[in-house]
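Novice: Before I ask anything, let me first share the structure, which is written out below as structure tokens.
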Amino acid sequence: MSRMFLAAVSTLAALAVATPAQAQGTGESVNQLIIYGDDACPPSTADQITVCARKDESERYRIPEALRQSDDPANESWTNRVIAYETVGDTGIQSCSPTGAGGWTGCLGEFIDNAYAERDTDASVRFSQLIEEERARRLAAIDAEAEETQSRVEEAEREYFERQQAEAQAASNDETGTPEEELPSPE
């Protein structure tokens, strides 16, 4: 009994220590906030992206939008009821019905269509989109800084090459004995 307990404890300890690849950080953390009215959004830091979704001040103390709707059948519209009655007899291939040959074949397409429709009509905050916009803004700043640094480097290189050419020309003039300035003509 004690060996089984010891084996179970050691297995749990090993699992707790092991970190899956998904749980390992990417070096930046994301702080997702919902800000109401004219509240200030805390600024992002170098190691943390702060993304704020702004909602109206009137939404501050309301029930969240996702919890406002009821799935009670009494709240269903007549249009949806009629559509449900129209699809009662659908069976067969691509119908997503348990009856009929191949009725299950339409289920995946229906699930995918429903998921996309739900995502497109969802009025909730899309944090992934806000995070991508913040990353794009940071990359644009990095690109602008890199472009500025590149132009400074190119300017310094140009000045360096001009200085080398001037020194080489001065050295060649000294070797040939040619004076750098023209002497006045004798009278």
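Novice: Out of the residues in segment 120-154 that are in a helix (DSSP H, G or I) and at pLDDT below 85, which is surrounded by the most Cβ atoms within 10 Å (Cβ to Cβ)?
Specialist: For segment 120-154, the residue satisfying everything is LEU130.
Novice: Working carefully through the options ALA74, ALA53, ALA84, ALA117, find the one that is at pLDDT below 75 and either outside any loop (DSSP other than H, G, I, E, B) or within 30 Å of TYR36 (Cα to Cα) (or both).
Specialist: ALA84
The values are calculated or read from the model by the stated rules, or taken from the named source; none is laboratory data. In this text, all values refer to a predicted model and were calculated from it rather than measured experimentally. As a convention, Cβ positions derive from the backbone with ideal geometry for all residues, glycine included, and neighbour counts pool all protein chains shown.
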